[in-house]
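This report refers to the structure that appears directly beneath it.
The values are calculated or read from the model by the stated rules, or taken from the named source; none is laboratory data. Not measured: the values here are computed from a predicted model. With ideal geometry, Cβ positions are generated from the backbone for all residues, glycine too; neighbour counts draw on all protein chains shown.
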Amino acid sequence: MIAASIILGLTMTFVGNLVSKTIERSAVQAAADAGALYMTTFLEPYVQELTTTGSLSVQTAQAIDHLMTSPTLNSHVISVKIWSPDGTVLYSTNKDVVNKSFATAEIALALEGKIVTEWGTLNEVENSYERSLGIPLYEIYAPLREFGTGRIIAVGEFYELAEVLEQEIALVRQEVWIVVGTATVAMLLLLFAIVHRGERIILRQQHALSRQIHEQTLLHAKNIGLQRKITIANQAFSRINELTLRRCGADLHDGPAQLLTLILVRLDELNTLQERNNKNGTQPEGDALETIRNAAQDALQEIREISRGLALPEINGMSLHQELELAVQRHRQRTETKVDLTCISLPENVPPQHKVCIYRFIQEALNNAYRHAGAKGQAVLVSYAQGLLTIQVVDAGDGMASDCLLTTSTGRTRLGLVGMRYRVESLGGKFHIQSIPGTGTKVCAQFRLDYPGNPPSDATSDLASAQE
């Protein structure tokens, strides 16, 4: 709109000036034509003597002076000059320029039969008298002709008052500029209305397009999020499926397999005892059979519990401290060995899956301590500090070399330790084994439990004291 206003304003200004100047020239020319016709009617009878003498007589000059005193004529015409074809002033209201020659282009044009007018300041030397009057004038040059032949014998110059003409031209110029200005404003208003309406349409379309783009962006982001969730879900499903299978193996190994191992051991003892009794002719003792029966019942119960969802019904609703005491107490009862339990600043809230993992971790670690360390120095140390739950199971046995921590002497994988690692790491925890021959073994599991209701207690000093 600004650019259009500037261009249209400049264009209409040029048009207005052109029309004004054209009208001005037309008005001045029309006035000159009328004045020339009027004056030639009065002056041509006085210049007929130029056809024979080449100059005006004193009587003719006096007659023209008398003519110029007429109120009808001098109210419009202020000064008169009569020029010969060679540019000499033959007559003038100002007697100082009579019989003087001046070079003017207007004389040549008038001699060609044209009516010439000059509008504006009078700068020529021969116009000194007219300038001294201090009133607006305009010049008219008209050819003066010989009667009968129409031959141009002189040029008449008239100085008429320009006040009326200036007023008429100013009025016409004002009317022209009013028309041009009105047309310009009307075009600008029409252009503004068109552009404004187009702008509103563009803005509506732009808003609609922006809204659609925003909706498409949200939809695209939502689709990406859904695809990401699908990918994560597929990965999580595969991971959960693998971890579930691993947990099933770990649960079967840590629970029923241990009991069945005990049954096999007792069966071997019973077989040896039976062979001895057969040689001696006595009956086997009932303690071995009772132990086998209890172990088989426990194994059956464990398998049923695993089948219900790999969770231990006994720990549902228990606090972490109660769960730890239950795991340690059961091991004491089964093995009739001593186990020390130390708990420092336990968290208030522990997820169920973590509780199952902790229970199985302690159960497997204590079974390994009983089987491989002869139950020497068995201890469970649990602490919670800065949102980190740490479970350590230690013994004072002979220990193992670092290359035998996860494999046996025959090269087979130690399923118990591997199962504990899988179980801990599947919940985002860290699993660590430290064993030096002759100094015992320490199995450690750590879980990050930054949940509401679990303040990050500072139990570092207590933990150091307990480890000592």
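Just one of (1) within 20 Å of MET420 (Cβ to Cβ); (2) at pLDDT below 75; (3) under 60 Å from the mean Cα position of the chain (by Cα) trips up LEU320, so point out which.
Going through the list (1) within 20 Å of MET420 (Cβ to Cβ); (2) at pLDDT below 75; (3) under 60 Å from the mean Cα position of the chain (by Cα), LEU320 breaks only (2).
Hey, does the range 45-63 have a residue that's closer than 19 Å to VAL164 by Cβ, hydrophobic (A, V, I, L, M, F, W, C) and assigned to a helix (DSSP H, G or I)?
First, pick out the residues of the range 45-63 that are closer than 19 Å to VAL164 by Cβ: none.
Within the range 45-63, not a single residue is closer than 19 Å to VAL164 by Cβ, hydrophobic (A, V, I, L, M, F, W, C) and assigned to a helix (DSSP H, G or I).
Can you pull out the strands (runs of 3 or more DSSP E) entirely within the range 65-183 that have at least 2 residues that are at pLDDT 85 or above and in the same structural domain as PRO45 (by TED's automatic domain parsing)?
In the range 65-183, the matching strands (runs of 3 or more DSSP E) lie at 77-83, 89-92, 137-145, 152-161.
Six or more apart or on different chains, Cβ atoms under 9 Å: show the pairs whose first residue is in the range 41-62 and without any contact (Cβ under 8 Å) to a residue 12 or more places away in the chain and farther than 18 Å from LYS100 by Cα and whose second is buried (at least 17 other Cβ atoms within 10 Å of the Cβ) and β-branched (Val, Ile, Thr).
What qualifies is GLU49/THR60.
Would you confirm whether any residue within the range 153-170 is under 60 Å from the mean Cα position of the chain (by Cα) and either surrounded by 15 or more Cβ atoms within 10 Å (Cβ to Cβ) or among the small types (Gly, Ala, Ser) (or both)?
Yes, the range 153-170 contains a residue that is under 60 Å from the mean Cα position of the chain (by Cα) and either surrounded by 15 or more Cβ atoms within 10 Å (Cβ to Cβ) or among the small types (Gly, Ala, Ser) (or both).
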